[in-house]
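The values are calculated or read from the model by the stated rules, or taken from the named source; none is laboratory data. As the structure is a prediction and not an experimental result, all values here were calculated from the model. No Cβ is skipped: glycine too gets one built from the backbone with ideal geometry, and neighbour counts run over all protein chains shown. The area values use the complete protein model at the heavy-atom level, side chains included, leaving out ligands, DNA and RNA. Shrake-Rupley method; radii C 1.70, N 1.55, O 1.52, S 1.80 Å.
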Amino acid sequence: MTTADKSVFRHHHWSSSSSSSSFKLLRIIYVLSLCKYTWAELCGGNGESLKYLRGDALIDNLDCIGPNGKPYPESIVAGTYRRTHNWGSSRTGRDAFHTDSKPSPEAVRETLLKTYKFNNHNEDYTISRTAREYGSTPAANRELCQTPNRLCRTRYNTTAPMYGVSLTSGQPVTIVQKFPDLLQQVVYEVCESNECDVVRGECTQTYVPYLFLVIPLGPVTLTGQDYVLVESGCVCKPKGSRSTAHELVSTIPAMPRP
């Protein structure tokens, strides 16, 4: 091999090595870009595993990772809030998301819990309400009212969910949460047991639809709200009984996991 041939060979070898190193570096950068979200915290709220909700804006960082594997879209949420915040026109009659003075998120949470407890876990009030709704005797309603609380243990709390599943489309949606201007808090109640305590039966989770301002904008109201199912309590289903209306929500897909 001549000196010129050796020079060409060395130059070719160096170029190949340089290209190989550059390619490896690009691969590392690409892999790191794919994995950067895995280092961030998942939107998990207080650790409660709710079927159709994910995250809690009062607990999670706003850059937490949602069920789609991406951070919560703060800039899009802020833009949606600005648009809906200015929608207090003659078309809507009033601005549903604007008040001159807003209570603190903590005050809203305390009010929600206090009201929920009074309406759903106040024995005297619930007996009176149940008697009016069912038209039965007070004694019968006292038993009817007290029995579910004894049969199925539950717990309840508040959350400001960041993601949900639309009841109208069955697709995941982002719930607009802009601290502290717009926090959409709700009370949920979940089953703590699978079997009834007294009679032979199965504890079944129930749900109710709540309106949230969501992204993409929902079809229910002019401001872009949509219905999302929220856990609302637990009932005892005796063995061999027929399915009831609240069990139909099982056909709606649950919130996907990241």
For segment 46-61, what are the residues that are open to solvent by less than 70 Å² (accessible area, probe 1.4 Å) and part of a loop (DSSP other than H, G, I, E, B)? GLY47, GLU48, LEU50, LYS51, TYR52, GLY55, ASP56, ALA57, LEU58, ASP60
Identify all residues within segment 168-201 that are among the hydroxyl-bearing types (Ser, Thr, Tyr) and open to solvent by 10 Å² or more (accessible area, probe 1.4 Å); write none if there are none. THR168, SER169, THR174, SER193
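Please count how many residues of segment 208-220 are part of a strand (DSSP E or B), crowded, with 20+ Cβ neighbours inside 10 Å and over 13 Å from the mean Cα position of the chain (by Cα).
0
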